[in-house]
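Right, one structure below, let's go through it.
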Amino acid sequence: MAEEGSSERSEINGGLPSMDSTESRWVFQDEDDSEFDVDEDYDNARHRAVLDSEDEEDDDNAEQRLIRTGPRVDSFDVEALEVPGAQRNEYEDFSMGKKIILAFQTLGVVFGDVGTSPLYTFSVMFSKAPIDGNEDILGALSLVLYTLILIPLIKYVLVVLLANDDGEGGTFALYSLICRHAKVSLLPNQLPSDARISSFRLKVPSPELERSLKIKERLEASLTLKKLLLTLVLAGTSMVIADGVVTPAMSVVSAVGGLKVGVDAINHEQVVMISVAFIIVLFSVQKYGTSKVGLAVGPALFIWFCSLAGIGIYNIVKYDSSVLRAFNPVYIYYFFKRNSTKAWYSLGGCLLCATGSEAMFADLCYFSVRSVQLTFVFLVLPCLSLGYLGQAAYLMANQTGADQVFFHSIPSGVFWPVFFIANVAALIASRAMTTATFSCVKQSMALGCFPRLKIVHTSRKFMGQIYIPVINWFLLVVCLISVYSISNMDEIGNAYGIAELGVMMMTTILVTIVMLLIWQINIVIVLSFITFFLGLELVFFSSVLWSVGDGSWIILVFAVIMFFIMSIWNYGSKLKYETEVKQKLSMDLMRQLGSNLGTMRAPGIGLLYNELVKGIPAIFGHFLTTLPAIHSMVIFVCIKYVPVPVVPQSERFLFRRVCPKSYHIFRCIARYGYKDVRKENHQTFEQLLIESLEKFIRREAQERSLESDGDCDSDSADETSCSRVLIAPNGSVYSLGVPLLADFRDTDRPTNEASTSEEVNPAPSADPPLTAEQSLERELSFIHKAKESGVVYLLGHGDIRARKDSWFIKKLIINYFYAFLRKNCRRGIANLSVPHSHLMQVGMTYMV
């Protein structure tokens, strides 16, 4: 995987061992599947039952067993040409200077959100539960300190960060991790060969394996549980996007609000106008990327944390060092005893000290887990704790200064420098959640749950650092609406709590599933985790929901809209794929058409893009009936995202021969992880494709030569009793358990079938049969000539419509909402930058 050092990664992923591509592995196998994913269509004119077997090999209900495989070998995985600039281990072999730079970027990108919480936490808390004695201050401080310890530290830093998907964080990374170990995806395009990508790293058996297998079987067998799991993921992601709206509003408004402390003439309307200007600047600089901006603001945030600690120590020494008693949790009990209902209301404000916890997880793709953990434990948490202790010490002597307590507690001599750093830190905090939103949206797009949008990669070194223009400007507009609509900082804080808690609860549930299914740890630990943390978050959530009518409902509405957009896109994409599977062309029809496909074969290569991983797409029949000729070589190209962050370049392409050799039709599945960068232009992609195809054909010829070199001891004509063998790169010999060449030797000669259904008896050929080497050279020469004639991209412009007998709601969703999203989303071919002279499109309507 293209991630940080492999030894660290193996520790991070729940102790999962790092697997080399030639190591033995434990994998789940269907009872009726062979050890190797053999697509029988690639053989030359095989028996009809074998030709049709592609349609039958995807049996989701087949019984599964856990087997130990030999070295990972797939006879259809070919080594692709290495793309210059493709990064494998992004963070290894860094010099000390680069590590220091990376640490500053970590501060600037990951911890901005949680670092600015002292600006507003006590202000919101004491607006709901006014101070009535020093006991209230100690109780509120104790509540904040233990919230910091329990949620950001114990839950996220020590547990949730370990549930990363090979360095990727966020709700969709958790979903991807679960999909990799159980067939819970609603899109039925999984292949057995996907599990043999070295990135999968399936876990070896353990004492908890039986329970894990039962959970896996239950998830895979229940459509309701699959839909419920996807609903939780979409709800969590919609809350992350909503968090990206409310974070700039809360952070910037609270920071700019310090002007009212420094300048008496400033009123709230002027604060809002200045905040709006800052927010516009913030979103305008997002396009410059995480590396550039993170490096610029990293030192500023380091100064911010040092300022928090310094001001905190100053206030503790000057006003009241007895605030250290707040580490005794008994003051939390006294706080609730004294204030009861008001204390419960203040929980929404208390939670604000933990905002940014989810950003730490979602922004994990930018940096290593260990760097985030160490930075939080040794810098962020101590500075935050000292900051809150200092504010509480100031309030012990100045109980009337609870409003804007942070700015009131700043020594007068350093007020304006700290005010400046606070505003810079607020802008950084807003960026932290925005970059987290970009990561989540990209992951959801790759897994088919968000409309395709333009993604700009802002770093040549780190492929995970991205910028999505549409999402950026969309967040800006909604953020400005929120700032104008929700005028009170307490209401903005309540909306902030709703968005943050929604994500936290979804993360708790998904991490629990990871514990049961993947980590396979003791059930007592799992139950303790979900009971304690989900119960704690539900208590906080009940507090913020009570005040939802104050104006924070706007954020809930926004999150619901995002949830419906993702749900509609996933639902429409699933129906489209299922319709394509039902309408795919049969092998009987292909045999009837003959090698000329019932039309003229023009020189050249046609790359027909489709989403099917098996079978011949219906759009191909549309091309045959619409165009006067078809290319002499046709390759069905499927761009498929598998539930791993990165697919190694050597395992990118999966080739299969679809029809007999004389048809010159292949299938290529180009597999990408959801973190993979598709920067290749069309020339590079074509080069990768053709070189991979040649390697596949050479390997196929090598296997056939092995079959004919005396694998059978008997001279009997019944050669089908022999099994085909495969020699792995390490010398191991595998039996593939399929018939030998007896069924298709006679078809190596070129076919001259008529394009009509009339039987034609071909005249016997006087030419001697070709040797294996001659046949190989002829096919390679054919590929070279076709490549020289040109490559054309064949695209099907599909129109999705609901059937006339469908329900009204389905017609509304498919014919209007989903159609609108498809019309305005980015075309998949745009990623390859194909010139229009190389494109050929045919329209087709899918009735779903």
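What to note about this one:
- With the highest mean first, a sort of the peptides 341-349, 783-791 on other beta-carbon atoms found within 10 angstrom per residue produces 341-349, 783-791.
- Taken over region 218-333, the ratio of Cα radius of gyration to 2.2 N^0.38 Å equals 1.63.
- Heavy-atom accessible surface of Glu651, to the nearest 10 Å², is about 10 Å², with a 1.4 Å probe and all protein chains retained.
- Sorted into 5 angstrom bins from 0, the C-alpha pair distances of region 129-182 split as 4, 18, 16, 13, 11, 10, 8, 8, 7, 4, 1, 0 percent.
- One decimal place: the segment Ala819-Lys574 gains 86.8 nm when fully extended, by the rule 0.36 nm per residue minus the C-alpha distance.
- Compared with the direct C-alpha span, the chain from Lys454 to Asp588 gains 44.1 nm at full extension, assuming 0.36 nm per residue.
- Cα-based radius of gyration of region 474-532 once divided by 2.2 N^0.38 Å, which approximates compact folds: 1.70
- Over region 366-439, the Kirkwood radius and the radius of gyration, each from Cα atoms, give a ratio Rg/Rh of 1.06.
- Remark: the Leu158-Val470 segment gains 108.9 nm on full extension, using 0.36 nm per residue and subtracting the alpha carbon distance.
- Span from the region 211-261 Cα centroid across to the region 120-138 one, whole angstrom: 29 Å
- Long-range tail of P(r) for region 532-666 (Cα pairs > 27 Å, %): 48 percent
- Rolling a 1.4 Å probe over the protein heavy atoms leaves Cys306 with an accessible area of roughly 60 Å².
- Efficiency of FRET from Cβ geometry, Arg778 and Tyr333, R₀ 56 Å, rounded to 0.05: 0.05
- Legend: residue pairs Lys614/Lys811; Lys640/Lys811; Lys183/Lys811; Lys183/Lys214, Cα-Cα distance threshold 19 Å; pairs beyond threshold, Lys614/Lys811; Lys640/Lys811; Lys183/Lys811.
- Only Lys, Arg, Asp and Glu carry charge here, each on its Cβ (+1 for the first two, -1 for the last two); on that basis region 105-564 has a dipole of about 1300 debye about its Cα centre.
- Fraction of alpha-carbon pairs over 37 Å apart in region 105-564 - percent: 23 percent
The values are calculated or read from the model by the stated rules, or taken from the named source; none is laboratory data. Quantities reported herein were computed from a predicted structural model and do not represent experimental measurements. Virtual Cβ from ideal backbone geometry, glycine too; neighbours counted across all protein chains shown. Heavy atoms of the whole protein, side chains included, go into the accessibility calculation; ligands, DNA and RNA do not. Shrake-Rupley method; radii C 1.70, N 1.55, O 1.52, S 1.80 Å.
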